[in-house]
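Asks: Dumping the structure here so I can ask a few things about it.
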Amino acid sequence: MANVWIVPDSVFDAGTLQQGRALRLEDGQVTTICDLAAVPQGQRLHAVAGVLTPGFVDLQINGGGGVLFNQSPDPAGIAAIAAAHRRFGTVALMPTLITDAPAVLAHAAKAAIAARASRGFAGLHIEGPHIALSRRGTHAAAFVRPLDDVTLETLHDLRAAGVTVMMTLAPEIVTPDQIAALTAIGIIVSLGHSDATAEQANAAFAAGARSVTHLFNAMSQMQGRAPGLVGAAINSDVYVGIICDGVHVADDMVALACRARPVAGRMILVSDAMPTVGGPDRFDLYGQEIRLQDARLVDAEGNLAGAHCTMLSGVQRLVRQVGLSLEQALHMAITAPATLLGAAHLGQVAWRSVDDLFVVDDALALRPLSGNIRRDIA
């Protein structure tokens, strides 16, 4: 596809779905995107059937391809997870380390620093260990602990190396001053695994927390006289992640949350994927076997233990079951997470490699752009 002009049916670029656009591909990269009428005369145009879009941006991936990041906190583990999810359209991701021993966090940080310029790596998500025991979910209780100097030193090292870091913590476990200190060094503080009141959550937002991790899951719920973290999150202007697999959150609740946000464009689709995506149907977590059963990941007692889904399946469900437009779903899967990361280029088509671009057809199937130029149209 070197040195050609292509004309997709539509293009999702910078958060909007656009028609009548043409793209110039040179040496495997998009060098121009413009109105069809602006294409120089005499150029041969090639049609692409479907919606051309950048690949997905996933801020919460625990594993893939049979690899769990907690068990392989090294550059090879990151590469294997990224390769597994690229098959399903995810081109940028944050490998996510859940609550574990300090030594595991140290290894993960070294891996992130080593991989910071690698393909598909968008930063490190540290989910725990500074969370509420009562809302820990599958996180091991033995490793839950207060915010300490070990974590702070690790975070400083990561930021000094230029690694983007998201950290999920419970606002009732840390103070607003500690949250402010984390945000001051560039940590994206996200609230989750928390039994916080709405007042505690709002104080954390005021201190600089900019996100909420997997809405509805592992957090204080919304009630008539007690909004909890769920209510505070929905009513805030921060970015809010949500898993859309039909298991973790009912489709009606996903729709409700999306409609109720006071600021549009602040919902983020995450997969929270485990090693079974692109891998075997079972894996080990904290020495316990987790298996895939009826599209759910469960432990030996049948308790929910992670997600078996992709960003692509989430986008498809947002459109088919939740009722969002494709533009809204792609915004949640690409534009919003890229904006939160401060990486707007991940939501744009210009100057992207064709390897990072995909085509969505009418059936919401996803194909690489390469090989999907159908015919000459001029």
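Asks: Within the set of pairs 6 or more residues apart or between chains, which connect a residue that is under 13 Å from F216 (Cα atoms) inside the stretch 244-270 to a residue that is aromatic (F, W, Y) and not in a strand (DSSP E or B) with Cβ atoms less than 7 Å apart?
Replies: Between residues of the stretch 244-270 that are under 13 Å from F216 (Cα atoms) and residues that are aromatic (F, W, Y) and not in a strand (DSSP E or B), the close pairs are V249/F216; M253/F216.
The rows are residues; the columns are (1) within 14 Å of A170 (Cβ to Cβ); (2) acidic (D, E).
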| residue | (1), (2) |
| --- | --- |
| D195 | yes, yes |
| A203 | yes, no |
| T213 | yes, no |
| G231 | no, no |
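Asks: Would you list the helices (runs of 4 or more DSSP H) that sit entirely within the stretch 287-378 and hold 2 or more residues that are among the acidic types (D, E) and farther than 28 Å from V67 by Cα?
Replies: Where helices (runs of 4 or more DSSP H) fall fully within the stretch 287-378, none carries at least 2 residues being among the acidic types (D, E) and farther than 28 Å from V67 by Cα.
Asks: In the stretch 54-63, is there at least one residue being surrounded by fewer than 24 Cβ atoms within 10 Å (Cβ to Cβ) and outside any strand (DSSP E or B)?
Replies: Of the stretch 54-63, the ones surrounded by fewer than 24 Cβ atoms within 10 Å (Cβ to Cβ) are none.
There is no residue in the stretch 54-63 that is surrounded by fewer than 24 Cβ atoms within 10 Å (Cβ to Cβ) and outside any strand (DSSP E or B).
Asks: Taking the options A338, A307, A333, name whichever one is within 19 Å of the chain's Cα centre (by Cα), modelled with pLDDT of 95 or more, over 30 Å from L25 (Cα atoms) and open to solvent by less than 70 Å² (accessible area, probe 1.4 Å).
Replies: When all the criteria are applied, what remains is A307.
Asks: Could you tell me how many of the residues in the stretch 309-351 are out of contact with any helix residue (DSSP H, G or I) (no Cβ under 8 Å at 6 or more places or on another chain) and among the charged types (D, E, K, R)?
Replies: Residues that pass the stated criteria total 2.
Asks: Here is a follow-up. In the stretch 53-100, how many residues are among the aromatic types (F, W, Y) and more than 17 Å from E127 (Cα to Cα)?
Replies: Adding up the residues that qualify gives 2.
Asks: Kindly list the number of the only condition in (1) more than 18 Å from the chain's Cα centre (by Cα); (2) surrounded by 15 or more Cβ atoms within 10 Å (Cβ to Cβ); (3) at pLDDT 95 or above; (4) among the charged types (D, E, K, R) that fails for D272.
Replies: The failed condition is (1).
Asks: I'm checking my understanding of the structure. Among residues of the stretch 16-44 that are open to solvent by 10 Å² or more (accessible area, probe 1.4 Å) and in contact with a helix residue (DSSP H, G or I) (Cβ under 8 Å, 6 or more places away or on another chain), which one is farthest from A82 (Cα to Cα)?
Replies: Step one: filter the stretch 16-44 for residues open to solvent by 10 Å² or more (accessible area, probe 1.4 Å), giving 16-21, 24, 26-29, 31-44.
Remaining after also requiring in contact with a helix residue (DSSP H, G or I) (Cβ under 8 Å, 6 or more places away or on another chain): 16-17, 20-21, 28-29.
Details: T16: 26, L17: 27, G20: 33, R21: 30, G28: 21, Q29: 21 Å.
That would be G20.
Asks: Here is a further query. Which of the residues that make up the stretch 160-170 are open to solvent by 10 Å² or more (accessible area, probe 1.4 Å), assigned to a loop (DSSP other than H, G, I, E, B) and not polar (S, T, N, Q)?
Replies: If the condition is that a residue be open to solvent by 10 Å² or more (accessible area, probe 1.4 Å), assigned to a loop (DSSP other than H, G, I, E, B) and not polar (S, T, N, Q), then A161, G162 are the ones that fit.
Asks: Given the criteria out of contact with any strand residue (DSSP E or B) (no Cβ under 8 Å at 6 or more places or on another chain) and either in a loop (DSSP other than H, G, I, E, B) or not charged (D, E, K, R) (or both), does A103 qualify?
Replies: So A103 passes the test.
Asks: Identify all residues within the stretch 69-95 that are in contact (Cβ under 8 Å) with a residue 60 or more places away in the chain and assigned to a strand (DSSP E or B); write none if there are none.
Replies: T90, V91, A92, M94
Asks: For a quick check of your reading: which helices (runs of 4 or more DSSP H) sit entirely within the stretch 193-284 and have at least 1 residues that are under 26 Å from G64 (Cβ atoms)?
Replies: Hits in the stretch 193-284: 251-260.
Asks: Looking at (1) within 30 Å of A141 (Cα to Cα); (2) open to solvent by less than 60 Å² (accessible area, probe 1.4 Å); (3) in contact (Cβ under 8 Å) with a residue 12 or more places away in the chain; (4) of a type in the set (A, V, I, L, M, F, W, C), which one does V298 not meet, given that it meets all the others?
Replies: (3)
Asks: Filter the stretch 35-53 for residues that are without any contact (Cβ under 8 Å) to a residue 40 or more places away in the chain and in a strand (DSSP E or B) and give the result.
Replies: Result: D35, single match.
Asks: Could you please find all residues in the stretch 123-151 being in contact (Cβ under 8 Å) with a residue 24 or more places away in the chain, outside any loop (DSSP other than H, G, I, E, B) and open to solvent by 40 Å² or more (accessible area, probe 1.4 Å)?
Replies: S134, R135, F143, V150
Asks: Cβ-Cβ distance below 7 Å, separation of 6 or more or different chains: which pairs start in the stretch 348-370 with a residue that is closer than 15 Å to H85 by Cα and end on one that is aromatic (F, W, Y)?
Replies: From residues that are closer than 15 Å to H85 by Cα, the pairs are L366/F358; R367/F358; P368/F358.
Asks: Within the stretch 172-187, identify whether any single residue is open to solvent by less than 30 Å² (accessible area, probe 1.4 Å), closer than 18 Å to A108 by Cβ, assigned to a strand (DSSP E or B) and among the β-branched types (V, I, T), and answer yes or no.
Replies: No, the stretch 172-187 contains no residue that is open to solvent by less than 30 Å² (accessible area, probe 1.4 Å), closer than 18 Å to A108 by Cβ, assigned to a strand (DSSP E or B) and among the β-branched types (V, I, T).
Asks: Out of all the residues in the stretch 152-168, which are touching a strand residue (DSSP E or B) at 6+ places or on another chain (Cβ under 7 Å) and aliphatic (A, V, I, L, M)?
Replies: Across the stretch 152-168, the qualifying residues are L155, L158, V163, V165, M166, M167.
The values are calculated or read from the model by the stated rules, or taken from the named source; none is laboratory data. Computed from a predicted structure; not experimentally measured. Glycine also receives a Cβ, built like all others from the backbone with ideal geometry; neighbour counts cover every protein chain displayed. Note: areas computed on protein heavy atoms with side chains; ligands, DNA, RNA excluded. Shrake-Rupley method; radii C 1.70, N 1.55, O 1.52, S 1.80 Å.
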